[in-house]
Amino acid sequence: MKEKLKGIAIGLLMGVLLTGGISYAASRSETIDVFYDNIKIFIDGEELDPRDGDGEKVEPFIYNGTTYLPVRAVGQAVGKSVDWDGVEKVVYLGAKPGDTENWLDVCGPYQYKECKEYRLTNNAYFTMSGKKYTNGYTMYLWNPAGTAEALYNLNGRFNSVSFTVGHIDDTTRADAKLNVYLDGIIAYTKDLKYDDLAQKVTIPLNGALQMKIELVSEEPLNTYDLYYGISDGKFE
């Protein structure tokens, strides 16, 4: 189906649609002919249902032999935040220049058990080894058979994950064990000592679909709670 879009500002078009190789020094209005042909988008074999910021369906189209895709829908589908700077006419996929992308926004846990999330945007933090940490979560145990868990849907997008893990300052002095499961199989385990400094760990993901980070107690828990934290995460 062929439709005509009248009065489109090309600068704005670049702000909301994903393409490449075209740029304009200044915004201008043109009337262009585009083709809508029920174009579908698949990402890693899964069909995308593209929607705008208001939840309305948006459809890719073809103009001069180039297929234009909705940048927000595609960016979010591949785990990238999308920002539009209307003043500078710039689309940002993921981190802006000079910024570090928050791993909780890239691929945060979809479910927690016995965890509490902390974000810089809420001025929330916890301390490990005397240092403040944010954009992460604490994991706590309060009974002998208990576990704390954070579940991730990786969807096969990443090769590795790194994060800092350590004992939460001024909490019960007890050791614990960290287990990481990939697609239901344990892939990494680490003994955590309450008096060790917070440590950076890197775990190969090899395109795994799911990940579970689990905290378990190394000692019987009676009347005290056990707290460890995870922060400074990065997916690659």
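The values are calculated or read from the model by the stated rules, or taken from the named source; none is laboratory data. Everything numeric in this text was worked out from a predicted model, so none of it was measured. Neighbour counts run over all protein chains shown; Cβ positions are idealised from the backbone, glycine included. Ligands, DNA and RNA are excluded from the accessible area calculation, which covers all protein heavy atoms including side chains. Shrake-Rupley method; radii C 1.70, N 1.55, O 1.52, S 1.80 Å.
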### Query
Given 0.36 nm per residue, what is the gain on full extension from ASN64 to GLN111 after removing their alpha carbon distance, in nm?
12.5 nm
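At a Förster distance of 35 Å, what's the computed FRET efficiency of THR121 paired with THR147, Cβ-Cβ distance as r, to 0.05?
Computed FRET efficiency for THR121 and THR147: 0.75.
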### Query
Largest first, how would TRP84, TRP103, TRP142 line up by accessible area (1.4 Å probe)?
TRP142, TRP84, TRP103
### Under 5 Å, built H, 5+ apart or other chain: amide partners of ILE32
LEU5, GLY7, ILE8
### Query
How large, in percent, is the carbon and sulfur part of the accessible surface of region 101-213 at a probe radius of 1.4 Å?
46
## Note on the structure
Descending accessible area (1.4 Å probe), largest on the left, turns ILE203, ILE185, ILE43 into ILE185, ILE43, ILE203
### Query
What is the gain in length, in nm to one decimal, between GLU88 and LYS57 on full extension, counting 0.36 nm per residue of separation less the C-alpha to C-alpha distance?
8.5 nm
### Task
Step through the residues of region 102-112 one at a time and calculate ³J(HN,Hα) from phi using the Karplus curve (6.51 cos²θ - 1.76 cosθ + 1.60, θ = phi - 60°), rounding each to whole Hz and writing x for Gly and Pro.
6, 5, 5, 8, 5, 6, x, x, 8, 7, 10
